[in-house]
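The values are calculated or read from the model by the stated rules, or taken from the named source; none is laboratory data. Note that the coordinates shown come from a computational prediction; the quantities given were computed from them, not determined experimentally. We place every Cβ from the backbone using ideal geometry, glycine too, and count neighbours over all the protein chains shown.
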Amino acid sequence: MNAPAVLKVPKSWYLPSKPHKFCPGCGHGIVLKALGEVIDELDIQDQTIFGCDIGCSLLAWDFFACDSTQTHHGRTTPVMVGIKRSRPELVCIGYMGDGGGYSIGSQHLVNAAVRNEKITLILVNNTNYGMTGGQMAPTTLPGQKTETSPYGRDPETTGYPTMGPEFLSELTPDSAYIARASVSKYKQLKKYLKSALRNQMEGNGFSFVEVLSTCPTNWRTNAGQTWNFVEDEMEKYFPVKEFKNPLGKGDK
Amino acid sequence: MPNIIGASKKSFVTGNETAAWACLVAGADMMFGYPITPQNEIMHYWTRLAPKYGRGFLQTEDELSAGFTVCGSVQSGKKAFTATAGPGNVLMQEPFGMAEAMRLPLLAIIQQRGGPSSGTVVYSQQEVTLTTFGGNGEGMRIVYSTASHQDIYDYIIKGFNMAWKHRFPVFILGDGYQAKMREPLEMYNPEDRGIEMVKPYPLIGVEGKISAGREPQHLNNIYSLEEELYEVVMKVAAEYEALEDSIVEYDEKNCDDADIIILSHGVVSRAADDAVKILRAQGIKAGYFRPITLRPYPHKQLRNAIAKSGAKKLLIAESAYGQLERLTKQEIFGETIKIESLFRPGVGIIDYDIINKVKSVL
């Protein structure tokens with residue numbers, strides 16, 4: 001007889017805050033599950049500082065049994081820089097959305113990359129501002145409808161989507177880790193997150209993973225349409241790959 | 001603490017150099033800053049001194065970043081500070097708001113420049129409203145308005161202690177004149193004056209392993225419910241108000257029999273002090289009152305000075321268009337003393353400006 005199935009959750013999850021409060025179908029849960037497993041595998045629960053931006057990413061503020069802090073919209077990067085510069089033995093993870101990282105906090109992202117700050121930033125890209133009700137984001141695809149681009153994003157008037165890992169690769173030295181993952185490719189996502197943390201732990205430099213994610217609530221999509229948008233539309237526009245990896249091939 | 005100064009000694013230095021030395025002897029671990037006149041030399045001296053004493057520095061991309069890196073540094077248990085002015089002070093109200101909300105004991109040195117907007121790089125007292133009540137909060141801050149280099153030195157040392165003892169952000173409100181001029185200063189190690197420096201401690205990255213049973217520290221500044229926020233704000237306000245009497249500082253001279261009390265703060269109070277001496281020598285009964293803390297404000301002490309003197313007039317002199325006046329009026333609401341004003345926004349005030357004004361209103 002088999003034992004009844006037991007829900008296996010990462011040790012680094014904070015159980016009193018479960019079940020989490022993300023919308024059904026939201027990709028954040030997948031990213032945070034992968035991150036929790038990586039924190040466990042690297043055995044860094046006790047030295048991790050998890051910083052949350054404002055936006056949907058904020059709902060992760062007490063997600064982990066790790067010390068954490070909320071910040072302000074766009075300001076997670078400097079708060080993490082301040083902590084890391086003060087206590088280099090801590091592993092600092094900044095968690096943000098595409099609005100926080102690429103729009104209101106872009107100056108911090110750019111300059112943290114240029115200074116090769118030894119922090120790990122995870123930017124969840126769902127092509128819109130989810131928490132505030134689905135406005136156009138820097139990552140909204142051309143033609144995509146949002147609350148502030150109701151006729152579809154027009155690149156003539158609003159520009160083209162921000163290509164984060166691409167420009168960060170240009171700004172950083174070879175010791176930086178830069179990647180774009182997708183919630184549709186779980187094993188690869190985990191591998192990238194692990195490399196981004198290892199790169200910080202080894203003192204190499206700036207580590208950044210953009211994760212393509214889902215927002216069925218604001219996209220107004222069903223499960224099939226949601227998955228199709230990530231795999232067909234987003235992954236076509238935003239190449240999913242490692243842009244820079246000073247660790248070599250890393251874990252298989 | 002290392003013996004940095006040695007025996008107490010007289011120096012002839014600028015206010016910005018004073019500030020850097022004071023932060024050093026106060027045991028500051030980290031400075032995060034962004035260039036803006038007239039505070040730049042605080043960074044210049046700090047970057048020369050800091051590596052010799054194992055202290056840190058980062059020049060950030062802007063004042064938002066300088067303020068938020070200070071917040072992070074303080075959260076991790078370090079005595080961290082920044083310095084700014086004018087438009088930089090405007091930008092820093094965002095991180096200062098986080099410090100207020102999360103009770104982060106940061107210290108910021110503000111060397112006021114002219115405003116509004118980019119204004120001048122020179123001098124003003126136009127950052128009073130911003131520094132005392134800036135941000136989308138309730139002004140839960142401690143603000144020392146300094147008048148001399150000795151004040152800058154003494155109140156930076158005291159400021160770090162007040163910040164870490166009470167966990168309210170502390171502001172040293174100077175100005176461009178104090179920043180740039182040289183004057184004598186007595187430098188000393190705090191320990192040699194019997195001043196015990198409060199030790200910083202981490203709010204995250206604390207002792208003990210979560211894996212071995214310690215509760216994780218989850219710091220927050222945002223609430224789902226109105227009532228949750230209300231409870232927090234009311235608790236912080238109650239704590240702040242309970243501490244007011246122990247924080248408030250002021251200076252008062254010749255108020256006992258004064259017909260007119262001259263109220264001023266910061267560097268202008270030096271002109272007021274001289275003006276009162278000259279007026280007294282001419283037989284005019286003038287008194288001097290200087291709030292040293294603008295938050296909390298010495299309202300009881302000012303009401304008392306007005307009451308005991310029976311003064312008919314209160315002259316408020318400031319290098320701003322009524323920022324100290326508005327602050328004072330709300331703090332002494334109900335007093336019937338006639339208020340006169342000498343407003344010179346963004347320019348200096350000397351003793352004769354005050355003397356002439358006093359003679360014109362008496």
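Overview of values
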| item | result |
| --- | --- |
| Subset tally (residues that are assigned to a loop (DSSP other than H, G, I, E, B), within 14 Å of chain A (Cβ to nearest Cβ) and in contact with a Ser or Thr (Cβ under 8 Å, 6 or more places away or on another chain)) for region B:92-121 | 1 |
| Contacts under 7 angstrom Cβ, first residue in region B:335-362 being touching a residue at least 60 places away in the same chain (Cβ under 8 Å) and closer than 19 Å to B:Asp175 by Cα, partner among the β-branched types (Val, Ile, Thr) and not in a loop (DSSP other than H, G, I, E, B), 6 or more apart | B:Ile349/B:Val268; B:Asp351/B:Ile278 |
| Qualifying position, being away from chain A (no Cβ under 14 Å), without any contact (Cβ under 8 Å) to a residue 24 or more places away in the chain and among the aromatic types (Phe, Trp, Tyr), among B:Tyr250, B:Tyr230 | B:Tyr230 |
| Positions within region B:201-217 being more than 7 Å from every other protein chain (Cβ to nearest Cβ) and crowded, with 17+ Cβ neighbours inside 10 Å, in sequence order | B:Pro202, B:Leu203 |
| Subset of region A:109-155 [in contact with a strand residue (DSSP E or B) (Cβ under 8 Å, 6 or more places away or on another chain) and among the acidic types (Asp, Glu)] | A:Glu147 |
| Considering residues of region A:51-104 that are assigned to a strand (DSSP E or B) and closer than 17 Å to B:Ala80 by Cβ only, the residue nearest to the chain's Cα centre (by Cα) | A:Gly51 |
| Region B:44-86 - residue that is farther than 17 Å from A:Ile83 by Cα and touching a residue at least 60 places away in the same chain (Cβ under 8 Å) and, of those, surrounded by the most Cβ atoms within 10 Å (Cβ to Cβ) | B:Ala83 |
| Qualifying positions in region B:350-362 - at pLDDT 95 or above and not aromatic (Phe, Trp, Tyr) | B:Ile350, B:Asp351, B:Asp353, B:Ile354, B:Ile355, B:Asn356, B:Lys357, B:Val358, B:Lys359, B:Ser360, B:Val361 |
| Among (1) of a type outside the set (A, V, I, L, M); (2) within 23 Å of B:Gly119 (Cα to Cα); (3) touching a residue at least 60 places away in the same chain (Cβ under 8 Å); (4) not in a helix (DSSP H, G or I) - the single one B:Asn16 does not satisfy | (4) |
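Here is a yes/no grid of residues against (1) closer than 30 Å to A:Cys52 by Cβ; (2) among the hydrophobic types (A, V, I, L, M, F, W, C); (3) at pLDDT 95 or above:
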site: B:Leu58; (1), (2), (3): yes, yes, yes
site: B:Gly67; (1), (2), (3): yes, no, yes
site: B:Ser76; (1), (2), (3): yes, no, yes
site: B:Val90; (1), (2), (3): yes, yes, yes
site: B:Met98; (1), (2), (3): yes, yes, yes
site: B:Tyr153; (1), (2), (3): no, no, yes
